[in-house]
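The values are calculated or read from the model by the stated rules, or taken from the named source; none is laboratory data. All figures in this text were calculated on a predicted structure; none of them were measured in a lab. Quick reminder, even Gly has a Cβ in these numbers, built from the backbone with ideal geometry, and neighbours come from all protein chains shown. Keep in mind that these areas ignore ligands, DNA and RNA; they rest on the heavy atoms of the full protein, side chains included. Shrake-Rupley method; radii C 1.70, N 1.55, O 1.52, S 1.80 Å.
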Amino acid sequence: MDHTFTLIGEPLAALASGALWMPARDTLIVSDLHLGKSERMARRGGALLPPYDARDTLARLQAVLDAAPTARIVCLGDSFDDSEAWLAPDDLAHLHRLMAGRDWVWIAGNHDPVPAIAGGTHLPQMRIGPLVLRHEAMGEAGEISGHFHPKARLAGRVRPCFVADARQVILPAFGTYTGGLWCSDPAIAARLGPGAIAILTGHRAIAIPCPRR
């Protein structure tokens, strides 16, 4: 079950998967895929992680697209863990199959300011109707962003979550191995207005008042 709401009059649906659906624009939005994270950490001498994060992230994105075919995908930055990210040939082929026949937009992030892959459209930000899509929130009304990887706890379980108020939506990280920042952390909470909610992902999307410190 998804959570539907409006932002500046634009209907939106926060999907349980962590993707955001714009039904009136036939557009699906995801953020912080961080493809190639395990490879980047190994390349830079960090912890060695099982190298299946890109495969898992792409499989979950495939499942979202199978359930809700859409003409346009917007990835809100940090789609790759850095601009030198390398994907295994099978993972790269899977990504190209997902992109085929779709208007695919890569928004620049702090991890991937330079495009890490050919194909698609590369933009610093994007406007759709009354909304602006960018990687990191700047306080503009109608903003859809990512970057902070918000998470919240409900009934003892921690889940990635959307955070939203009357002016903005911040998406959870969609990628595997991405971690999260409590939505009560000042880096997130200071950006939120009265009545802000957290929409927890998982089996179904659950909206709760955004926890504050």
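Which of the residues that make up the range 174-192 are within 20 Å of LEU7 (Cβ to Cβ), part of a loop (DSSP other than H, G, I, E, B) and touching a residue at least 24 places away in the same chain (Cβ under 8 Å)?
PHE174, CYS183, ARG191, LEU192
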In the range 134-153, residue surrounded by the fewest Cβ atoms within 10 Å (Cβ to Cβ) [restricted to those that are assigned to a strand (DSSP E or B) and over 14 Å from the mean Cα position of the chain (by Cα)]: ARG153
Enumeration of residues in the range 166-192 that are among the β-branched types (Val, Ile, Thr) and open to solvent by 10 Å² or more (accessible area, probe 1.4 Å): THR176, THR178
PRO113 vs. criteria within 24 Å of ALA13 (Cβ to Cβ) and either out of contact with any helix residue (DSSP H, G or I) (no Cβ under 9 Å at 6 or more places or on another chain) or not hydroxyl-bearing (Ser, Thr, Tyr) (or both): no
Flag for ALA108 being over 18 Å from GLY18 (Cβ atoms), free of Cβ contacts under 8 Å to residues at least 40 places away in the same chain and small (Gly, Ala, Ser): yes
Among (1) open to solvent by 30 Å² or more (accessible area, probe 1.4 Å); (2) over 18 Å from LEU61 (Cβ atoms); (3) in contact (Cβ under 8 Å) with a residue 24 or more places away in the chain - the single one PRO160 does not satisfy: (2)
Matching residues, the range 193-212, being surrounded by fewer than 21 Cβ atoms within 10 Å (Cβ to Cβ), assigned to a loop (DSSP other than H, G, I, E, B) and without any contact (Cβ under 8 Å) to a residue 60 or more places away in the chain: GLY193, PRO194, GLY195, PRO211, ARG212
Boolean, LEU131 is surrounded by 22 or more Cβ atoms within 10 Å (Cβ to Cβ) and either in contact (Cβ under 8 Å) with a residue 24 or more places away in the chain or touching an Asp or Glu at 6+ places or on another chain (Cβ under 6 Å) (or both): yes
